[in-house]
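The values are calculated or read from the model by the stated rules, or taken from the named source; none is laboratory data. What you see is a predicted model, and the numbers here were worked out from it, not measured in a lab. Neighbour counts run over all protein chains shown; Cβ positions are idealised from the backbone, glycine included. The area values use the complete protein model at the heavy-atom level, side chains included, leaving out ligands, DNA and RNA. Shrake-Rupley method; radii C 1.70, N 1.55, O 1.52, S 1.80 Å.
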Amino acid sequence: MHRRRVSDVRRLDAVLLLVALVWGSSYLSAQTATAALPVLLVLFARYALSAVTCLGLVASRRRGSRRWTRDELRAGVPLGVTQAAVLVVETYGVAHTSAANAGLIISLTIVLTPLLDRGALPASFFAATAVCLLAVGLLMSGNGFHAPRLGDLLMLGAALIRAGHVTLVGRLTAGRPIRPLQLTTVQTLVGTALFLPAAALDLPTLVRTDQAAWAQLVYLALFCSVFAFLVQTWAVQRTSASRASLLLGTEPVWAVAVGVALGGEHLTPLTGLGAALMVVGTYWGQAVERAHRAAPEPRPPSVHAASRVPTHAPTRSADSAGPAASCAATRFVAPAGFRSPRPPQPPPPSSPSPPPSSPSPPPSAP
């Protein structure tokens, strides 16, 4: 059982790292697309292609699984708005800065998400995020520190909004039977509806664009939107928002790698050191958060302590502690839908109900 849990955790980590790789490459792709088309038109095309793909996947399923539940609609609409807010600020940012800088600054999400998630994480976790923050500074410096550009400031705003979005995903989906495909479809439809009015006048430009721009749009839609949204929702339902954000924090390393390999950018000694620190900080924080979630629960009181507790004192489990405790347990300990088993309790002593018409006789002596 323990080996299976470790294997599941590693599989989740690998999937989230793959999402980070895809998103790391998305900045260069978005920068290429926005160089040929207006930003809002790029976002509309990205969302529209994603929505069509998701609707096709939903239609290909069995008839009973095509419908959306009330929980999926209630979570999908606000998450669609927050995801659109992330992408609009992020895309404008990458259009006004380098692809590497965009991917680097967005990694500040790993510092902001634990604060918004309000989880009781150990101090060493925040030390790991501090190492990642130092890495971001080195990666941004290049050959020397300089004042942030407009695009850099927009990416800072995108990091804050993304941290809120990742936290909101965990809170709106934890413990609820929400299917990632249906949720992602709602998000893409919401984004398409939001960007359509702003991009309507530029739609003829989209028809006349070349194949290279269309290739970037298809990549952004199918891989950076459908694949990443589905996997992120699926993974965050099975791990904590802080852990997911920390693994997705390796995104700037992939952004630098893609920028150097495909975008012709140069890696200086400072940016190389920053990339190394980012990897170290990410895996350090990952190990701290994993150990924190796997820590055993406090032992029950001893026999002598238990003898001083009234026998009728209620036992509070994860289910009976209220919605806040159940949500916290889901985020930091158990996968979505998990409920801690209640400890076995002895059956209550059977006693006949007194007749309503006459008082019950006193119990007989043994």
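Round to a whole angstrom and tell me the spacing of the C-alpha centers of region 16-54 and region 81-107. Measuring centre to centre over Cα atoms gives 11 Å. Taking 0.36 nm per residue of separation and subtracting the current Cα-Cα distance, fully stretching the chain between Ala215 and Val81 would add 45.7 nm. A 1.4 Å probe run over region 51-113, with the rest of the protein chains in place, finds 44 Å² accessible per residue.
Among residues other than Leu108 with Cβ under 12 Å from its Cβ, the summed charge is -1 (Lys and Arg +1, Asp and Glu -1). Solvent-accessible area of Leu134, all protein chains in place: 100 Å² (probe radius 1.4 Å, heavy atoms, ligands and nucleic acids excluded).
Rounded, prolate or oblate for region 180-219? Axes are the square roots of the Cα gyration tensor eigenvalues, ordered a ≥ b ≥ c, and the cut-off for rounded is a/c under 1.5. Cα axes put region 180-219 in the oblate bin. Does region 82-194 come out rounded, prolate or oblate by the C-alpha gyration tensor, with a ≥ b ≥ c the root eigenvalues, rounded set by a/c under 1.5 and, if not, prolate when a/b is larger than b/c and oblate if not? Here region 82-194 falls in the oblate category. Protein heavy-atom surface of region 79-198, 1.4 angstrom probe: 74% of the accessible area is carbon and sulfur, with nucleic acids and ligands not counted. Among Trp214, Gly164, Leu133, which residue has its Cα positioned farthest towards the positive end of the charge dipole of region 121-218, with +1 placed on the Cβ of Lys and Arg, -1 on the Cβ of Asp and Glu, and the dipole taken about the Cα centre? Most positive-ward Cα: Gly164. Modelled this way, with points 7 Å down the Cα-to-C-beta line, the labels at Leu57 and Thr69 are 1.8 nm from one another. For a test of the definition: using alpha carbon positions, the gyration tensor, and the 1.5 limit on a/c, classify region 1-96 as rounded, prolate or oblate. In terms of gyration-tensor shape, oblate.
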